[in-house]
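Participant: My structure is below; once you've seen it, I'll send some questions.
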Amino acid sequence: MKQLLLISFTLLFITASAQDHFGGITTSKRVGILNVGMNPSELSNLKSKFEVQLFSTSINVANDKIGFKDITSDTNLENLIFQGNEPVNFNIDTEFLGPGFAMKLLNWGFAITTKGHVKADIVNVDTNLGAALTNSTINSSADGVTITNSSNQRINSTSWGEVGFSAAHKIFENDKNLINAGVTLKLLFPGSFANVGTGDFNGTITSDNNGDLILTNANAYLNIAYSGSLADNFTNTSDYTQSVFGNLNGLATDIGVNYQFKDGDKSYKLKIGAAIKNMGSMTFKGLCNKR
């Protein structure tokens with residue numbers, strides 16, 4: 001069974017939104033391979049004739065439970081995420097940049113880049129249910145807790161890799177103005193996908209004499225979908241990083257332009273850019289969907 005996913009997919013609907021990856025490079029006038037991921041037209045603005053990329057990573061986290069000081073502490077993050085009574089919304093979006101090469105030739109710029117992506121989301125999950133599933137605990141001093149939740153609770157994750165081929169060209173330049181355009185063709189390698197969703201959940205979680213949790217008097221709408229290595233265990237963190245690159249099964253394109261109001265030959269007073277990114281799709285083979 002195959003599942004077609006737009007590469008600009010919206011697997012999560014969380015009120016908090018993370019910044020773009022490597023957003024700090026927008027404040028620098030130096031242009032390198034990292035800029036290509038944001039706008040392929042930047043290749044024409046390379047500051048050196050050749051650029052080599054070895055490895056870089058960017059991690060964006062958005063949630064409504066924990067702060068930065070919690071991440072740097074010794075506290076168990078799973079306990080913090082599922083504390084209190086408010087539903088949990090948590091998103092982690094990681095981008096790995098592997099080996100890459102770029103070069104500038106006359107008015108042209110060319111690049112080959114590699115990337116890996118891992119996204120994981122927790123959406124509207126009841127804290128008591130989450131604590132029971134992940135920590136085998138109950139957020140209550142009593143022996144049990146009854147959960148009545150009508151929302152659509154979801155836990156999902158996706159991993160994929162890509163190889164990009166980019167080209168950019170200086171299409172206009174005079175003493176004061178410079179306009180570049182560029183394009184990136186991406187070969188997509190779907191790795192793994194997993195989604196667990198439940199709606200209108202009702203049930204009672206209790207603890208037996210051995211400390212094991214038992215769910216009774218339960219009913220809910222349940223959907224489970226998975227592919228790749230996550231078919232065995234989508235809660236094992238290492239499964240995502242081990243299967244970032246699957247088989248080639250998708251294409252996507254980035255198109256960008258940028259304008260500079262120049263300040264001499266090697267600087268500018270104003271730069272404006274725009275890009276349409278991730279136009280395409282990829283297919284996860286062997287997807288299993290259960291209801």
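Just so you know, all these numbers are worked out from the coordinates, no wet-lab data involved. None of these values were measured; they are calculated from a predicted model. Neighbour counts are summed over all protein chains in view; Cβ atoms, including those assigned to glycine, are modelled from backbone coordinates with ideal geometry.
Participant: Using square roots of five times the C-alpha gyration tensor eigenvalues, list the equivalent-ellipsoid semi-axes of region 141-205 in whole Å, biggest first.
Facilitator: Three semi-axes, in Å: 53, 17, 9.
Participant: Show me 216-227, 84-95 ranked by packing, highest mean number of other Cβ atoms within 10 Å first.
Facilitator: In descending order of packing, they fall as 84-95, 216-227.
Participant: Name the residue farthest towards the positive end of the dipole of region 129-230 from the options 155, 185, 195, assuming +1 on Cβ of Lys and Arg, -1 on Cβ of Asp and Glu, about the Cα centre.
Facilitator: Comparing the listed Cα positions along the dipole, 185 ranks first.
Participant: Also: Quick check on region 95-226: what does the Kirkwood estimate of hydrodynamic radius come out to from the alpha carbon pairs, in Å?
Facilitator: 19.2
Participant: On to the next question. Once you list every other residue whose beta carbon is under 12 Å from the beta carbon of residue 189, what net charge do they have if Lys and Arg are +1 and Asp and Glu are -1? The partial results should precede the final answer.
Facilitator: Values: positive: 115, 186, 285; negative: 162.
Residues close to residue 189 contribute a combined charge of +2.
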